[in-house]
Amino acid sequence: MAALTDFGLIWGKIQELVSRIMSSSKTSIPRRSKVKDMSAEVVDSNPYSRLMALQRMGIVENYERIRDYSVAIVGIGGVGSVAAEMLTRCGIGRLLLYDYDTVELANMNRLFFRPDQVGMTKTDAAVQTLSEINPDVVLESYSMNITTVKGFDVFINSLKSGVDLVLSCVDNYEARMVINQACNELRQTWMESGVSEDAVSGHIQLLIPGETACFACAPPLVVASGVDERTLKREGVCAASLPTTMGVVAGLLVQNCLKYLLKFGQVSPYLGYNSLKDYFPTMEMKPNPQCSNAACVDRQKEYMESKPARDAAAKAKIEAEVSSVIEEPLHLDNEWNISIVDDSDAGSSTAANTSSILPEGLVHELPTADKYSEQVGPTVTDGIDDDLEELQRQLDALNSS
Amino acid sequence: MEGWDAGTKSALTQIPLLSSRAGPRDGEAWKQRLKEEYKAMIAYTTINKTNDNDWFRISPTNPEGTRWEGSCWYVHNLRRYDFPLQFDIPVTYPATAPEIELPTLDGKTHKMYRGGKICLTVHFKPLWAKNCPRFGIAHALCLGLAPWLAAEVPILVDSGMVKHKDDEVTPSQSSS
């Protein structure tokens, strides 16, 4: 029976320890003070030593530049909150957080938020956690709906404060179109992310107004689930979610964001994730010259007009690189007349008509708007110069009868 | 249009189509669009009344016409169930449809997003995208909200989630 007594003793001690941890976590949180300069010194007390090591390894040229950057994250849900935590731990300079929702117990199947934060706005709860993790990051919380006229004004003005990248982590088409509108107007580069409603696939996309397809250039792409769509049960729920898929997509998004900001590796224009088959399609999309978004068309025009300047800059860069190395032919003989051709345009397509040439596994989420040359049914153009107030009175009269 | 009942189809063909592609931030063009919205709405309400199928009241609550409030109702087993109805015209309208909200049903059904926004993804969003900018608020109610109510209200009532106002226990009675 000695073994059993020992077990009882140990169990008691474990219980005591657990309760001590539980009580200490609430009473005195030892918050670290702010760090003035990022140090590469490898000591336990340096929160940035492992990140600064990226420089020594030759991955990143100047990691500390991350402190100069501001990133706006729209949608602090399953993807956005994790992305915010990643950037906070990386020591980003400033984070602007947008969401109109509050934390609920139904969110606990995803990462980041804690049950004791239920009822708080997502942005405030995020600021609470993130400021504890890294007090060096400047955090701004915007609890509002950006799709309303009022919310949009606040949104666009806050982006004018100088934001380097906007990350879209919202869960609906409407909000994505709003971010697209703001970024097209502000010439703001942004990255889109999404997880499918069945929680098994996702994607990230880089959007540079005028240069790449905007979100309105073509119906949004989604990664096909890879299983027969007819076998998917859609009755009863409008959205499922998994912490795994959301974590993967948040990781892909922030990785792309870090590559873009700190200038290392290749920044992906579009990367899909199909978790059922572990398939990652990539593609590039050029803007649609007939895009329905006027700001997008304006940006496309600007981009075309700046082509000579871009070409000159690219040429100068290549010449500078060439002059630094001694030029000699790579191969003296070329028996098979092998030559290198420019393939910079391969693999990209105009957003207007991609449906036939989409890579395998990608489909459009919504149909394109029909073009009607003839009228189908009555239109309201007849006598349209009617008075607005008169129309209001007519509707009011109908409504009150 | 396959899959829609005859009544919906008939109403839909009679609602005037809109032509201005303008949202609330487009100044004069939005005023023009708003006039078209009114005309379509007046026509749809008239059709409903003529066909003895009156089922909603909605009108703007601000001069800009960007916030709409009212109510809608559905008759199930000869009893009428009323729900407050509201939505904002999004800044990206008409590229994106208004997100129709039934705030009193928030949290009572899975076919709904946070804040009482009804789920329109499968049955309505593709139609809206296909018919942009010719569909307006009247079309959203006819093709978005009406089928949602027809599908959800019977389930909500039969499962006891929604009670008829005559059956509801008033707070004074329930407090002991």
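Quick note: the coordinates plus some simple rules give every number you see, no bench work behind them. Given the structure is predicted, the values throughout are model-derived calculations rather than measurements. Methodologically, a virtual Cβ is constructed for each residue, glycine included, from the backbone with ideal geometry; neighbour enumeration extends over all protein chains shown.
Things to note:
- Taking every lysine pair in chain B that is 8 or more places apart or spans two chains, those with Cα atoms closer than 23 Å amount to 22.
- Partnerless Cys - chain B, beta-carbon criterion under 4.7 Å: B:Cys72, B:Cys132, B:Cys142
- Exposure proxy ranking, count of Cβ atoms within 10 Å, fewest first, for B:Met112, A:Met285, A:Met57, A:Met304: A:Met57, A:Met304, B:Met112, A:Met285
- Efficiency of FRET from Cβ geometry, A:Met108 and A:Ser45, R₀ 35 Å, rounded to 0.05: 0.60
- Chain B: angle of helix B:146-158 to the longest principal axis, Cα-based, in degrees nearest 10: 10 degrees
- With each label modelled as a point 7 angstrom along the Cα→C-beta vector, the B:Val75-A:Glu61 pair spans 7.4 nm.
- Taken as Cα centroids, the stretch A:66-124 and the stretch B:79-118 sit 25 Å apart, rounded to the nearest whole angstrom.
- A Förster radius of 30 Å combined with the Cβ-Cβ distance from A:Lys317 to A:Glu140 puts the calculated FRET efficiency at roughly 0.25.
- Estimated FRET transfer efficiency when R0 is 45 angstrom, pair B:Thr61-A:Val363 (beta carbons, to 0.05): 0.70
- Long-range HN-HN contacts of A:Glu284 with modeled amide H, under 5 Å: A:Ser349
- With θ taken as phi - 60° and the Karplus curve 6.51 cos²θ - 1.76 cosθ + 1.60 applied, the whole-hertz 3J(HN,Hα) list for the stretch A:63-68 is 5, 4, 4, 4, 6, 8 Hz, x standing for glycine and proline.
- Here the 3J(HN,Hα) profile of the stretch A:36-43, calculated from phi with Karplus coefficients 6.51, -1.76 and 1.60 at θ = phi - 60°, is 6, 10, 6, 10, 9, 4, 8, 9 Hz, Gly and Pro shown as x.
- Global form of the protein assembly as shown, assessed from the alpha-carbon gyration tensor, a/c cut-off 1.5: oblate
- The protein assembly as shown - share of DSSP beta bridges that are antiparallel (%, nearest 5): 60 percent
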